[in-house]
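Values in this text are rule-based calculations from the coordinates and carry no lab data. All figures in this text were calculated on a predicted structure; none of them were measured in a lab. All Cβ positions, glycine included, derive from the backbone under ideal geometry; neighbour counts span all protein chains shown.
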Amino acid sequence: MITETIPEIVNEKLKQARVIGAFTGAGISAESNVPTFRGDEGLWTKFKPEELANFNAFMKNPELVWEWYSARKKIIHEAQPNPGHLALAELEELVDEVIIVTQNIDNLHRRAGSSRVHELHGNIERNYCIKCGETYTDDAILSGTLPPKCRKCDGLVRPDVVWFGEYLPQDEFTAGEEAAERSDVFFSLGTSAIVYPAASIPQIAKRAGAFLIEINPETTPLSDIADVTILGKTGTILPEIVKSLRSIKKEGTNN
Ligand code: BV8
Ligand code: ZN
């Protein structure tokens, strides 16, 4: 079902749910003014993410790749969690288990208060030396010249994110698969669902029997298998969903 409003079945499924999973992409951070990847307002529209977020591009032109990442780091440092992130954090008060499996590297789910977050593609606030593995915070490196060099071995320092052609952190991906398999209701929020193997997570949830709810302003390849696709912004729809679940739960306790 593809709709612009929240169908009653969503409230029914959420009321009964014990475990809720949420797979999120750049769209959930769009209302925090963090640009998405493939939208036309994309940060560096002249480049495709695949061209910059890859190891060869980094080795060939570390200055350019670091210009892109330091621009994004500055935007993310200024960014605040938006009502979509906050609604997911609030859901933890209403449901036994809420597990976030995110492709985002902006740390906004944790900053919104979500306590169980699995980062499939790393975290832009972490950096490490490609030679000796020494780790660096943003403060340590953004004040210096780019590309940053390791103070221990003079190796190149890179952001701790998963680039195209690189493997995802196995523990995070396994945790994401397990969350998908255990979820009664599984959300796919603000993602074009085209980057693999991350995009297999909501498919695993559906195959394992979860009720799959997609919230995105446009349809995606996932819309074919989602039980419900709500065409809208997560910053608008998620707070509405959490508000009605809260009142249903309150009624339940009153009578
Ligand atoms: C891998 C971190 C095994 C970095 C990212 C050829 C060679 C090598 C690999 C491949 C290949 N061909 C295909 C592949 C696999 C490749 C892949 O899937 N490519 C895609 C493009 C087809 N995957 C990989 O390479 C992965 N690794 O396969 O390793 C391997 C190993 C060796 C050799 C071969 C294979 C690694 C993928 C991880 C890449 N890293 N990010 C960084 O961020 O800098 S991916 C990047 O895309 C982000 O993580 C992002 O999250 C992710 C997905 O994008 P979305 O989040 O969905 O964002 P997008 O802009 O696309 O969509 C936003 C949506 O939000 C839109 O639908 C929009 O309508 C909506 N929206 C807008 N506003 C709102 C909204 N929604 C709600 N509310 C709003 N207000
Ligand atoms: Zn080093």
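Semi-axes of region 180-228's equivalent ellipsoid from the Cα gyration tensor, sqrt of 5 times each eigenvalue, largest first, rounded to whole Å?
16, 12, 8
Can you tell me, using C-alpha contacts under 8 Å and at least 6 residues apart, the relative contact order of region 1-102 as a whole percent?
It rounds to 45 percent for region 1-102.
Give the shape of region 81-205 as rounded, prolate or oblate, defined through the alpha-carbon gyration tensor: a ≥ b ≥ c are the square roots of its eigenvalues, a/c under 1.5 means rounded, and otherwise the shape is prolate if a/b is larger than b/c and oblate if not.
It is prolate, given that a/c is not under 1.5 and a/b is the larger ratio.
For region 79-122, which GluC sites (Glu not before Pro) pass both filters: DSSP loop (anything but H, G, I, E, B) and at most 13 other C-beta atoms within 10 Å?
Taking region 79-122 and a limit of 13 other Cβ atoms within 10 Å, the loop GluC sites (Glu not before Pro) found are GLU93.
Can you give me the pair-distance distribution of region 7-125, C-alpha pairs, 5 Å bins, whole percents?
Taking all Cα pairs of region 7-125, the binned fractions are 2, 10, 18, 21, 17, 12, 8, 6, 4, 2, 0 percent.
Hey, what did the chain get for relative contact order, percent, Cα under 8 Å, at least 6 apart?
Relative contact order comes out at 26 percent.
Let me know the longest stretch in the chain that avoids all trypsin sites (Lys or Arg not before Pro) found in a DSSP loop with at most 11 other C-beta atoms within 10 Å.
That gives 47-151 as the longest site-free run.
Any number yet on Rg/Rh for region 104-161, C-alpha, Kirkwood?
Rounded to two decimals, Rg over Rh is 1.05.
Determine the equivalent ellipsoid of the chain by diagonalising the alpha-carbon gyration tensor, then write out the semi-axes as square roots of 5 times the eigenvalues, largest first, rounded to whole Å.
The equivalent ellipsoid of the chain has semi-axes of 35, 18, 17 Å.
Apply the Karplus curve 6.51 cos²θ - 1.76 cosθ + 1.60, θ = phi - 60°, to the phi angles in region 124-133 and return the couplings in whole Hz, x for Gly and Pro.
Each residue's phi maps through the Karplus curve to give 5, 7, 10, 9, 8, 6, 6, 8, 10, x Hz.
Tell me which GluC sites (Glu not before Pro) from region 1-40 have a DSSP coil assignment and no more than 10 other beta carbons within 10 Å of their own.
Passing both the DSSP loop test and the Cβ count: GLU4.
When the chain is treated as a GNM, springs tying every alpha-carbon pair under 10 Å, which of GLU172, GLU240, GLU134 comes out with the largest mean-square fluctuation?
GLU134
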